[in-house]
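These notes concern the structure reproduced below.
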Amino acid sequence: MSSQLSPIDTAKFIAAKQATEYVESGMKVGLGTGSTAAWLVQCLGEMVRDDGLKIQGVPTSEHTAKLARDVGIEVVSLDEAKWLDLTIDGTDEFDDELTLIKGGGGAHLREKIVATASDRMIIIADATKKVDTLGAFPLPVEVARFGLPITEGLIEETLIGMDVLGRDIKQRMAGDEPFITDEGNFILDLHLKRIGDPRQLSLILNQIPGVIENGLFIDICDVVIVGHGDGKVTVRDFTNDTSEVVRFDVRDDDNIFTSVAD
Ligand code: 5RP
């Protein structure tokens with residue numbers, strides 16, 4: 001195992017590395033956002049440079065678009081790609097049903113659109129992202145800037161009838177300024193602590209005028225790849241109901257990706 005990486009970065013890196021097994025030349029690939037997805041983009045960039053891999057990448061954020069171009073991946077828009085073979089992305093939480101909370105990086109709107117336009121969605125994660133019940137991670141909800149207090153009030157009212165433990169809502173900030181998504185919207189983080197019925201919550205939130213998209217991903221993800229700090233990776237494929245364990249031995253000189261750990 002590389003002495004250059006912390007156990008958590010090792011876990012993210014080997015999950016990303018394992019996910020590259022699903023990528024073949026000629027594919028159109030959705031590229032996720034966040035620190036785990038950044039490892040994936042680095043790994044794919046290396047394959048483009050060294051192994052002649054030819055793919056078109058559709059990034060889920062401006063940040064990922066820049067990283068993908070920097071490492072040599074051909075970047076195209078979703079409109080140009082039209083449909084994708086697969087999307088590989090990180091997650092903030094996932095449960096046994098492969099329901100996800102995403103949007104910790106503020107990109108869940110584009111991430112959901114891109115994943116839904118893909119034959120397959122693969123999630124890469126370290127083991128801390130697995131939960132029995134979703135909701136410890138605040139649920140991101142992308143909302144229009146116009147009428148923010150009205151939208152927030154409607155969400156507050158809606159939460160009263162929902163199976164959740166907490167009801168705090170906080171607007172996401174970037175320093176002293178509101179956080180603005182790549183689509184030009186605000187984010188409200190819902191501190192729910194426990195989400196009893198993600199499907200019902202997702203449907204009802206998305207009916208509120210002003211809500212653009214919530215961070216619950218339901219029936220979208222097909223495969224989850226979980227990395228562990230000791231080099232073990234578990235792959236669970238829901239499409240054919242299989243589980244596999246893979247072991248990585250990252251050598252000390254395998255430290256070329258150290259720079260992407262953020
Ligand atoms: C960004 C996301 C990310 O996938 C999620 O926040 C996980 O990020 P990381 O891999 O850095 O833990 O949903 O909107």
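Scanning segment 136-148 for residues that are within 13 Å of residue 214 (Cα to Cα) and touching a Leu at 6+ places or on another chain (Cβ under 9 Å) yields a total of 6.
Tell me, yes or no, whether segment 23-32 has at least one residue that is open to solvent by less than 40 Å² (accessible area, probe 1.4 Å), assigned by TED's automatic domain parsing to the domain that holds residue 224, touching a residue at least 40 places away in the same chain (Cβ under 8 Å) and more than 16 Å from the ligand (Cβ to nearest atom). Taking every residue of segment 23-32 in turn, at least one turns out to be open to solvent by less than 40 Å² (accessible area, probe 1.4 Å), assigned by TED's automatic domain parsing to the domain that holds residue 224, touching a residue at least 40 places away in the same chain (Cβ under 8 Å) and more than 16 Å from the ligand (Cβ to nearest atom).
Hey, any hits in segment 72-89 for a residue that's away from the ligand (no atom under 14 Å from the Cβ) and within 14 Å of the chain's Cα centre (by Cα)? It would help to see each step written out before you state the result.
Quick first cut of segment 72-89, residues away from the ligand (no atom under 14 Å from the Cβ) only: 72-86.
Okay, now just the ones that are also within 14 Å of the chain's Cα centre (by Cα), so 86.
Checking segment 72-89: at least one residue is away from the ligand (no atom under 14 Å from the Cβ) and within 14 Å of the chain's Cα centre (by Cα).
Residues that are near the ligand (Cβ under 6 Å from one of its atoms) and either surrounded by 23 or more Cβ atoms within 10 Å (Cβ to Cβ) or in the same structural domain as residue 201 (by TED's automatic domain parsing) (or both) within segment 99-108 comprise 102, 103, 106, 107, 108, listed in sequence order. For residue 25, the conditions (1) of a type in the set (Gly, Ala, Ser); (2) more than 19 Å from residue 139 (Cα to Cα); (3) not in a loop (DSSP other than H, G, I, E, B) all hold with the exception of (3).
Listed here are the residues, each with its yes/no results for (1) closer than 24 Å to residue 33 by Cβ; (2) within 24 Å of the chain's Cα centre (by Cα); (3) open to solvent by less than 30 Å² (accessible area, probe 1.4 Å); (4) touching a residue at least 24 places away in the same chain (Cβ under 8 Å).
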{"residue": "119", "(1), (2), (3), (4)": "yes, yes, no, yes"}
{"residue": "127", "(1), (2), (3), (4)": "yes, yes, no, yes"}
{"residue": "134", "(1), (2), (3), (4)": "yes, yes, yes, yes"}
{"residue": "148", "(1), (2), (3), (4)": "yes, no, yes, yes"}
{"residue": "151", "(1), (2), (3), (4)": "yes, no, yes, yes"}
{"residue": "154", "(1), (2), (3), (4)": "no, no, no, yes"}
{"residue": "157", "(1), (2), (3), (4)": "no, no, no, no"}
{"residue": "166", "(1), (2), (3), (4)": "no, yes, yes, yes"}
{"residue": "171", "(1), (2), (3), (4)": "yes, yes, no, no"}
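Within segment 119-167, the residues that satisfy the criterion of being touching a Lys or Arg at 6+ places or on another chain (Cβ under 9 Å) and part of a strand (DSSP E or B) are 123, 124, 125, 126, 140, 164. Considering (1) loosely packed, with under 15 Cβ neighbours inside 10 Å; (2) assigned to a loop (DSSP other than H, G, I, E, B); (3) within 14 Å of the ligand (Cβ to nearest atom), the lone condition that residue 96 does not fulfil carries the number (3).
In this entry, residue 17 passes the filter for residues that are open to solvent by 20 Å² or more (accessible area, probe 1.4 Å) and in a helix (DSSP H, G or I).
The values are calculated or read from the model by the stated rules, or taken from the named source; none is laboratory data. Please read all numbers here as calculations on a predicted model, not as lab measurements. Glycine also receives a Cβ, built like all others from the backbone with ideal geometry; neighbour counts cover every protein chain displayed. Each accessible area value is taken on the protein alone, full model and side chains, heavy atoms only, with ligands, DNA and RNA left out. Shrake-Rupley method; radii C 1.70, N 1.55, O 1.52, S 1.80 Å.
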